[in-house]
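All of the numbers you see were taken from the coordinates with simple rules; none came from a lab. All values derive from a computational prediction rather than experimental measurement. Heads up, the Cβs are rebuilt from the backbone with ideal geometry, glycines too, and the neighbour counts pull from every protein chain shown.
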Amino acid sequence: MAKLIVRQFAERQHYADIWHRMQQFTATRDEKTADELWLLEHHPVYTQGLAGKAEHVLCAGDVPVVQTDRGGQVTWHGPGQLMVYALLDVRRLQWGARTLVSALENMLIGWLYAQGLTAFAQRNAPGVYLCGKDNTAAKIAALGLRITKKGCYHGMAINVSNDLAPFSAINPCGVAGQRVTRLDQWLSPLPTRLVIEQSLVKQFADVLHSSSVTWETNGV
């Protein structure tokens, strides 16, 4: 059983800064380094994954587009969206890529189920989806990871109360016409961010069989 450290970033973060911190953390970790979850919001940004194609960015306007090293294709991050970055020792966990993706998806699916919502994952399109009245899947969370010999980083972006308009300027995750949704369209009243974070962390800590969970504020 391993220790889990949860870092809450009180201030909105620039994507490139957090990305480089994750790279540095992973490059310098060893077998004694605790696994971590980083919880935060970003300033508006589009990020391209390793499979991303330029033509899926339709009209970024003044919003920066960052080519990153995670899996997947293009998505948007910004205010009102909760980022859950997972910095894990996958060798210690003995997890493959599929197990890791499923663990993050099930973290959110389990919490949504507790709220009375039936969410689901799609094997060939990582992320979490809810089904609307017209039986069309709407994506509520995008997921992309980088897995190295030292561990994994990046994670999940959960739409909580953010503006959904920026997604119309891209083909989200490379899918033209992909519907997106957010938590406050399904839950009223919407739980506070702290309640959401605490609930998700508990779900994930149970999956990790963590012996202890330590919360730290203001990041690293």
* So which residues in segment 75-114 are within 18 Å of residue 6 (Cβ to Cβ), aromatic (Phe, Trp, Tyr) and not in a helix (DSSP H, G or I)? -> 85
* To do: State which residue pairs qualify: first residue more than 14 Å from residue 84 (Cβ to Cβ) and inside segment 198-218, second residue charged (D, E, K, R) and assigned to a loop (DSSP other than H, G, I, E, B) in any location, beta carbons under 8 Å apart, and separation of 6 or more residues or different chains.
  => 218/11
* To do: Just one of (1) surrounded by 14 or more Cβ atoms within 10 Å (Cβ to Cβ); (2) of a type in the set (D, E, K, R); (3) not in a loop (DSSP other than H, G, I, E, B) trips up residue 216, so point out which.
  => (1)
* Structure fact -> With criteria (1) more than 13 Å from the chain's Cα centre (by Cα); (2) outside any loop (DSSP other than H, G, I, E, B); (3) among the aliphatic types (A, V, I, L, M), residue 190 comes up short on (2)
* To do: For residue 131, work out the one condition from (1) more than 18 Å from residue 82 (Cβ to Cβ); (2) in contact with a Ser or Thr (Cβ under 9 Å, 6 or more places away or on another chain); (3) in contact (Cβ under 8 Å) with a residue 40 or more places away in the chain it doesn't fulfil.
  => (3)
* To do: Go through (1) without any contact (Cβ under 8 Å) to a residue 60 or more places away in the chain; (2) in a helix (DSSP H, G or I); (3) touching a Ser or Thr at 6+ places or on another chain (Cβ under 7 Å) and name the single condition residue 173 misses.
  => (1)
